[in-house]
Amino acid sequence: MRSACRSALFTALAFWVLLPTEVMLSLFLSNILVKFAVTFVSISGIYLVKEWLAAD
């Protein structure tokens with residue numbers, strides 16, 4: 001939840017004068033989706049390495 005709040009705050013403060021609301025919303029949603037994807041891949045990788053090391 002904090003990540004979404006930070007993303008919304010960053011997007012609003014960085015681009016509120018330069019970009020239309022629709023574009024800022026698109027940036028915000030894209031940012032959240034990328035963060036989710038990176039987190040999913042990272043956590044999956046951590047568990048795979050943990051299992052790989054335990055197998056040795």
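Ordering of 42-51, 5-14 by packing is 5-14, 42-51, highest average first (other Cβ atoms within 10 Å, averaged per residue). The 3J(HN,Hα) values that the Karplus relation (6.51, -1.76, 1.60; θ = phi - 60°) gives for region 37-47 are, in residue order, 5, 5, 4, 4, 5, 5, 5, 4, x, 4, 5 Hz. Gly and Pro appear as x. Relative to the longest principal axis of the Cα atoms of the chain, helix 2-15 runs at roughly 40 degrees. Distance from the alpha carbon centroid of region 38-56 to that of region 1-36 works out to 30 angstrom.
For Cα extents along the principal axes in Å, computed directly from the structure shown, the correct entry in (i) 31, 31, 22; (ii) 56, 17, 14; (iii) 79, 15, 5 is (ii). Using R0 = 35 Å, the C-beta based FRET efficiency linking Val49 and Ser26 works out to 0.50.
Values in this text are rule-based calculations from the coordinates and carry no lab data. As the structure is a computational prediction, the values presented were derived from the model and not from experiment. With ideal geometry, Cβ positions are generated from the backbone for all residues, glycine too; neighbour counts draw on all protein chains shown.
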